[in-house]
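Engineer: Mind looking over this structure? Questions follow.
The values are calculated or read from the model by the stated rules, or taken from the named source; none is laboratory data. Bear in mind that the values here come from a model prediction, so they are computed numbers and not experimental data. Here Cβ is always computed from backbone atoms with ideal geometry, including for glycine, and neighbour counts include all displayed protein chains. To get the accessible areas, we keep the full protein, side chains included, count just its heavy atoms, and leave off ligands, DNA and RNA. Shrake-Rupley method; radii C 1.70, N 1.55, O 1.52, S 1.80 Å.
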Amino acid sequence: MSEQDRVSIRKLSTGVPGLDEILGGGLPEFSFNIIAGGPGTGKTTLAHQIVFANATPETPALYFTVLGEPPLKMMRYQQLYTFFDESKINSCIRFMNLSEIVKEKNLHAVLEEITKQVEAASPGIVVVDSFQTVVRRPQLGTSEMELQAFVQDLALNLSGWQATTFLLGEYNDRELLGNPVFTVADGILWLYQDSERNSVVRKLQVRKLRGQAAVPGMHIFRITSSGLLTFSRFLGLSEEKQPTPSTKRLSVGIPELDAMMSGGVPEGDSILVSGGTGTGKSLLAMQFLAEGIRQSEPGAALVFEEYSQGYMQRAKNFNLDLQTAQTNGNFSLIQLRAMDLCPDEILYEVLKVVDKIGAKRVVIDSLSGMELALAPEFRADFRESIYRIVRALTAAGATVLSTVEADESAICFPLSSYSASFLADNIIRLSYIELQGQLCKILFVVKMRGSSHSKDIRDYEITSRGMVIGQNRFAGYRGLITGVPELMNEPNQKRGQESGGDL
């Protein structure tokens, strides 16, 4: 078939953020669709969101209710969502109750009533909620052949009237086999609600969609005051752009650390700052952001372990004015403290901010807090989640700095609690050592992908001016990274100097 002979099928926007992307651009117009799932999964809310997004006086929507909720009760709760527009009721959206016909008559009478109302209104959208009740209630004495004929006639009539149809029902997976409703359907959207420990995760799957490629797999969604909000499992990666190679170096806001990193961090890289409690990981991240703002590079911080007011005040204590930058639109603080988040939801919130303010620097503080904020089922794949988030952010043109808690140990040298160093282009390690009866802080650059860096171990202090690196390189000591260094004797020191002093 030539391109000229192909019929163009318009796609309707669902009005649900993220769902059009999952569907491959929206719902095919005049399609016959099933929205299935258990009680409380959000079927009715999804249908209402689609209806309110598309109904107009010229192409109204007919919403048939059966033995579930009567229209008045349904609207009483649906009007709490921000998508609800009271001015559309009766003018653009008409609710009709089929309860009496379903209880007292047969399938033929139900089809006749739907047909009569559709012919009178010429709707663009038709919803039957719950369709499962329609086909089950009059089943006594109704053969399987009659049921199949009813479903096929309904689908053909509604498509012929150029209406996009949605049949809602509380189906389970076993009912897919041999059910004529699912055979005739052009699209099947299945909603799930999974519980694990004390968390509930809502999922959506496009099990069937004729004529276009939907994103496969399970997608997370949340029901908010705005209705459904969906997160594609390919969010940020489905049309991943190849970042333009850059030779620019970004200052981290500490001149001595920039020098140790051969002039700063390569733009577009991922940086991991690893260290124990109180070593200054968050402070280093703040200085990284503040320096970016000073260089006209907007920034965003994704914070899990502090309230926004406390975070901004702590930055102010170190003479880092993030508050003014936030007021001017050059900085955004994202605070997610829920205990049942999914990685896609986190990425959605960050990408939204990156796009809004044009953020060039993004801080995740911290990976430890992020893990605790996730629903239990996502913690097993936490490394993969970090990888996806960092990759999507760098693909969006941001340079990402993540902090991670690392236990101090006198016998080993862990870089992070998650073995997540594989996702970092650059790793900075902050640590404690005991020296002459005092606790001192040291830092060193462990890794810089594709770039040389200093091998020095440097001392630093946290002052009112932020992190300040000293000049001490600890010549004459060994075992610094164990936390309990020893003073080398002269012969050993000389041999270390001759061999280059590798750590």
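Engineer: Output the pairs from Lys248/Lys441; Lys281/Lys447; Lys88/Lys352; Lys43/Lys352 with a Cα-Cα distance over 22 Å in this structure; if there are none, say none.
Structural biologist: Going by Cα-Cα distance, Lys248/Lys441; Lys88/Lys352; Lys43/Lys352 fall outside the 22 Å limit.
Engineer: Continuing with this model, one more query. Report Thr324's accessible area, 1.4 Å probe, all protein chains in place, as a number in Å² to the nearest 10.
Structural biologist: The accessible area comes out at roughly 70 Å².
Engineer: Quick one: angle between helix 107-121 and the longest Cα principal axis of the chain, in degrees between 0 and 90, rounded to 10, please.
Structural biologist: 80 degrees
Engineer: May I pose another question? At 1.4 Å probe size, what's the solvent-accessible area of Ile9? Round to the nearest 10 Å².
Structural biologist: Per-residue accessible area (Ile9): approximately 110 Å².
Engineer: On to the next question. Straight-line reach from Lys203: which aspartates and glutamates fall under 16 Å, measuring Cα to Cα and dropping same-chain residues less than 8 apart?
Structural biologist: Asp20, Glu21, Glu170, Asp173, Asp194, Asp340, Asp344, Glu345, Glu377
Engineer: Another question, then. Of all trypsin sites (Lys or Arg not before Pro) in segment 155-227, which ones are in loop regions per DSSP and have a Cβ with at most 15 other Cβ atoms within 10 Å?
Structural biologist: Arg197, Arg210
Engineer: Sorted by packing (mean other beta-carbon atoms within 10 Å per residue), highest first, where do 278-287, 359-368, 21-30 land?
Structural biologist: With the highest mean Cβ count within 10 Å placed first, the list reads 359-368, 278-287, 21-30.
Engineer: Using alpha carbons only, how many degrees (0 to 90, rounded to 10) separate the axis of helix 382-395 from the longest principal axis of the chain?
Structural biologist: It works out to around 90 degrees.
Engineer: Provide the per residue accessible area, probe 1.4 Å, for the chain, rounded to a whole number of square angstrom.
Structural biologist: 47 Å²
Engineer: Points 7 angstrom from Cα along the Cβ direction at Ser246 and Ser262: gap in nanometres?
Structural biologist: Spacing of the two 7 Å Cα→Cβ label points: 1.8 nm.
Engineer: While we're on this one: Compute the length gained on full extension between Thr59 and Leu156: take 0.36 nm times their separation in residues and subtract their Cα-Cα distance, giving the result in nm to one decimal.
Structural biologist: The Thr59-Leu156 span can extend by a further 33.0 nm.
Engineer: What percent does the relative contact order of segment 285-374 come to when contacts are Cα pairs within less than 8 Å and at least six residues apart?
Structural biologist: The normalised contact order for segment 285-374 reaches 44 percent.
Engineer: Can I ask one more? Select from His108, Ile188, Ala359 the residue farthest towards the positive end of the dipole of the chain; place +1 on Cβ of Lys and Arg, -1 on Cβ of Asp and Glu, and compute about the Cα centre.
Structural biologist: It is Ala359.
Engineer: Ok, one more. Nearest-5 percent of antiparallel DSSP beta bridges in the chain?
Structural biologist: Close to 45 percent.
Engineer: What's the FRET efficiency of Asn97 with Asn328 using the Cβ-Cβ distance as r and R₀ = 51 Å, to the nearest 0.05?
Structural biologist: That pair, Asn97 with Asn328, gives E of 0.40.
Engineer: Relative to the present Cα-Cα distance, how much length would full extension add between Lys116 and Glu486 at 0.36 nm per residue of separation?
Structural biologist: Difference between extended and current length: 124.0 nm.
Engineer: Which whole-number percentage describes the relative contact order of the chain, with Cα contacts under 8 Å and a sequence gap of 6 or more?
Structural biologist: 13 percent
Engineer: Quick one: if the Förster radius is 41 Å, what FRET efficiency do Gln313 and Tyr77 give, using the C-beta to C-beta distance and rounding to 0.05?
Structural biologist: 0.50
Engineer: Continuing with the same structure: Counting every Cα pair in the chain, what percent are over 30 Å apart?
Structural biologist: 58 percent
Engineer: Continuing with this model, one more query. Within the accessible area of the chain, what % is carbon and sulfur when the probe is 1.4 Å and the other protein chains stay in place?
Structural biologist: 49 percent
Engineer: Using Cα positions and a limit of under 16 Å, work out the aspartates and glutamates in reach of Lys316, with same-chain residues fewer than 8 apart set aside.
Structural biologist: Those aspartates and glutamates meeting the cut-off are Glu291, Glu306.
Engineer: May I pose another question? Residues of segment 275-311 with backbone nitrogen within less than 12 Å of a virtual label 7 Å along the Cα-to-Cβ line of Leu372, please, listed as ranges.
Structural biologist: 304-307
Engineer: Moving on. Just to make sure I understand: if all protein chains stay in place, what is the order of His453, His108, His219 by accessible area at 1.4 Å, largest first?
Structural biologist: Correct descending sequence by accessible area is His108, His453, His219.
Engineer: Straight-line reach from Lys11: which lysines have Cα under 18 Å away, leaving out those fewer than 8 places along the same chain?
Structural biologist: Here the lysines satisfying the reach criterion relative to Lys11 are Lys208.
Engineer: Now for a separate question. Between helix 343-357 and the chain, what is the angle of the helix's C-alpha long axis to the longest principal axis, kept within 0 to 90° and rounded to the nearest 10?
Structural biologist: 80 degrees
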